[in-house]
Every structure is written in C-alpha cells, then in structure tokens.
Amino acid sequence: MTTQPEQPTRGSGQDEPDAARRIAQPASTPEGLRAALALVAPDALPAFDAERAAALKQAREQVNAAPMRRFVGQWAVYVAIERHPERAARLRALEARSAEVDEIGEAREIAAEIGHILDEACAEAGIDNRRGAA
C-alpha cells in the first residue's frame, strides 16, 4: 500500500477548509474502513477493494486470519493518516523529500518525522506498533 495522491479540498465554509474530511477513526473492520475511505480518500477505494480480495483469498487458502488482520491494520493506519489532511499532506511531502535528500542528517530528521506520524496514526488505529501487530 502506497500513499495516494493528494485529495481535492472539500471546503466546509469553516476556517479550516479541510474540516469536512475530519471524521472519527472508524471501527477496524473492512466495512468501517471502506466507509471512511469513501469520505476521506475515495481514490483509494480500488486499491482497498483489490487488497481486500487478495487478503481474503490468502486467508482462505491458508485457513488463517493473519492476512485479514494485516490488511485491516494497514488500512486502519492509512485512514488514521488521511482523516487529518494536513498530516497526510506532510507525510507525502516527507516521502517525496526523502527520495531526493543526500545529507544523512536531513535523512534522519525526515525518517524521525515520518516515524512520529506513523506512531500517531497507529495509536489512533489501536495498533501496538511496538509489536508490529494489529
């Protein structure tokens, strides 16, 4: 799963133009996450649906729920990032900058900030990122 292109701003008439995209973190279920994606990142729905189908197939073949748990965890973090437009934009900017940076100190700063964003998103999604499990 990769970061999707920036979504168009949906003005709400409030001081913050992206306030309409702010929703509560949904339940970590495929249905809850898909509904949230439809609001905050509709362009990600085809990837979500394709990855969900692949995870279901793999879970059935392996008779194991781990592929679905991994799928739900990854998309819960994605939604946690995308429901904060400024955080999503900052992550995309950091990802782009990391591909261009030559100085090790700056690369470390970028990596640390990306890590902080992911830590916040994991916490909001209810994922203990110290174990890396959903």
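Distance between the modelled labels on Ala107 and Gln62, one decimal in nanometres: 3.1 nm (7 Å Cα→Cβ projection). Normalised by the number of residues in the range 70-134, the average gap of Cα pairs under 8 Å and 6 or more apart makes the relative contact order 47 percent.
Can you figure out the FRET efficiency of Ala35 with His116, using R₀ = 30 Å and their beta-carbon distance, to the nearest 0.05? With a Förster radius of 30 Å, E is 0.60.
In a fully extended conformation the segment linking Ala47 and Arg97 would gain 15.6 nm over its present Cα-Cα distance, using 0.36 nm per residue. For the range 33-134, the fraction of alpha-carbon pairs lying more than 19 Å apart is 52 percent, rounded to a whole number. Among 41-48, 91-98, sorting by the average number of other beta carbon atoms lying within 10 angstrom of each residue, highest first, gives 41-48, 91-98.
Model label points for Ala89 and Asp128, set 7 angstrom from Cα along the Cα-to-Cβ axis, are 3.6 nm apart.
Each reported figure results from applying straightforward, stated rules to the coordinates on display, with no laboratory input. Computed from a prediction, not measured in an experiment: that's the story for all the values here. Glycine also receives a Cβ, built like all others from the backbone with ideal geometry; neighbour counts cover every protein chain displayed.
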